[in-house]
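Following: one structure in structure tokens, then a few remarks.
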Amino acid sequence: MMLVSQLIDTRVMKGSSLYALRNVSGKGKGLVAIEDIPKGTRILSEQPLITTPERQRTNEWLKKHISQQVDTLNEHQRQLFLSMHNLYPYQSVADKYLGIFRTNGLPVEANGVGGGIFLEACRINHACDNNAQKHWNQYIKRHTVHALRDIAKGEEITIYYLGLDSSRTIRQKKLLDKFGFLCSCRLCSLPTNQSQETDKRLNRIDQLDDLIGRDCRGWSFSLRTLGYADERVRLCNEGPGNSGMARTYLDATQIAIANGDLARGRIFAERAVEVWRTAYGSDSEEVVKYSSLARNPAELPLYGLSMEWKTSSDDVPQDLDPNDFEDWLWRRQKPKKRAQLEQFANLRNRAIFPSFAALPRSKSDLDWYEEVDGTYQALRHWCFLGEIANSITLHHLELELTDIDDKKVPLHFYTEGLGKEMAPARIQKGYTVAVRHGKRSVFMYGDPGIRHEDPEMLKVGTSNPYCEPSLVY
Ligand SMILES: C[S@@+](CC[C@H](N)C(=O)[O-])C[C@H]1O[C@@H](n2cnc3c(N)ncnc32)[C@H](O)[C@@H]1O
């Protein structure tokens, strides 16, 4: 009788395969590259031998269903199936078949079918820093495996068994509970301090997924959400554990297009397609569908929700170096001192000198603030400017200001002196008040306005800020 490895090697001999079934120390059998496999190569493409329905039935039903299929296999296939790993104890042949299915079954997302046994794909072992990607390709109704990076001849081919990347302890526990082994891959074998760094990165990626998901579900396609996607992509590029990269590019695509920005939408969609092409192949549903979106970004139903970032599809700068291009793409606000000072001189720059209507409502507005160790810190500098139109003191000093949009804005003094610290000579009609990091507040009586509490944050000058760019606080 032929050994299983000989059976698979027979196909290799015919030149149809890039791998062979081999004993792999501590893992039973596994697939090993028998030649160099470049990134993006389709390593295998396979139809299921045995399938089970999507909705789980009783164990008795499943045993019967699987046994019927095993009975139709030819001897060669039956031998291969029976030689597969089984984590579950069994008392009957049908029990054993079910155990083999449970240990090895891979998802099949075809109509009504939920899982399948693939004689070759099911032999691939797990690594948390996997070099290959498994995928059910609904278009060709086959399970495919692609090289995520160059795989050298002699290297084991590995996939990721779990759903999401998570910390070492959680990953190892899940793998032990579900697949009966303690993972000792390169990622799981890192020294404690390096592993903690990796865990921190993976935990932040999880957190960013939640934040992006929450915003996009709530139809909040803001710069803040794009910033989360930017951070997620950067973290993925820093090390292993980068599942979900294509999804993140797709989220960025939606955010850009929802704001009328077809140029960035197109680039993000192209990037999502490239990640999927490597991991799933050119004939996958994802590549076909989103290539079409990359060609026609305006077809996304979200297009035009806002036109604040409006660009046309080919409004892409051609002369930027790679870093500047990424800054442009992600709409990063550069914290460069010089650039900021230059902008600062321009008092008509509404990002720095916003109107009252554009001010944040509170520190929990994450387009303006970020949470650092439990406190909110401004993400950038801004300053509200208004010209004094009137003043009155009842319980406290109240100034009526006119903002850049000619709107009247009440400014209430809730400082310790309730406004008495202001020299009366400074309270003159036509003088300009500058409130650093001003926010919109609602008051029990009267219109919304600015609640001023910290004397350090307010200055008064004599000039009209929109005519003479000389006033800074
Ligand atoms: C789907 S099978 C993979 C092929 C299997 N090694 C075989 O010999 O048929 C899953 C089983 O392989 C083993 N395995 C997979 N990845 C492993 C890893 N990284 N370390 C140790 N054992 C692993 C575990 O026993 C697991 O339950």
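Readers should treat all values here as calculations from the given coordinates under stated rules, not as data from a laboratory. Because the structure is predicted, anything quoted here is derived from the model rather than measured. Reconstructed Cβ throughout: ideal geometry from the backbone, glycine too, with neighbour counts over all protein chains shown.
Points to keep in mind about this one:
- Cα-based helix-to-principal-axis angle, 93-104 vs the chain, degrees rounded to 10: 40 degrees
- Cα-centre dipole for the chain with unit charges at Cβ (Lys and Arg positive, Asp and Glu negative), debye to 20: 1220 debye
- Other residues with beta-carbon under 13 Å from the beta-carbon of residue 396 carry, at +1 per Lys or Arg and -1 per Asp or Glu, a net charge of -2.
- Here the simple spin-label model places points 7 Å from the Cα toward Cβ, and for residue 367 and residue 140 these points are separated by 4.5 nm.
- Amide H partners (placed H, <5 Å) of residue 113, local residues excluded: 54
- CD proxy at 222 nm, helix term only [per DSSP H run n ≥ 4: -39500 (n - 2.57); per residue of the chain; nearest 500]: -10500 deg cm²/dmol
- Amide H partners (placed H, <5 Å) of residue 50, local residues excluded: 117
- For the chain, taking Cα atoms only, Rg and Dmax work out to 30.7, 104 Å respectively.
- For residue 438, the residues 5 or more places off, or on other chains, whose built amide H falls under 5 Å of its own are 384.
- 0 to 90° range, to nearest 10: angle between helix 168-179 axis and the chain longest Cα axis: 30 degrees
- Phi-derived couplings, Karplus 6.51 cos²θ - 1.76 cosθ + 1.60 at θ = phi - 60°, listed residue by residue for the range 185-198: 5, 4, 5, 6, 9, 5, x, 3, 5, 5, 5, 5, 4, 4 Hz, with x used for Gly and Pro.
- Compared with the dominant principal axis of the Cα atoms in the chain, helix 4-13 is inclined by about 80°.
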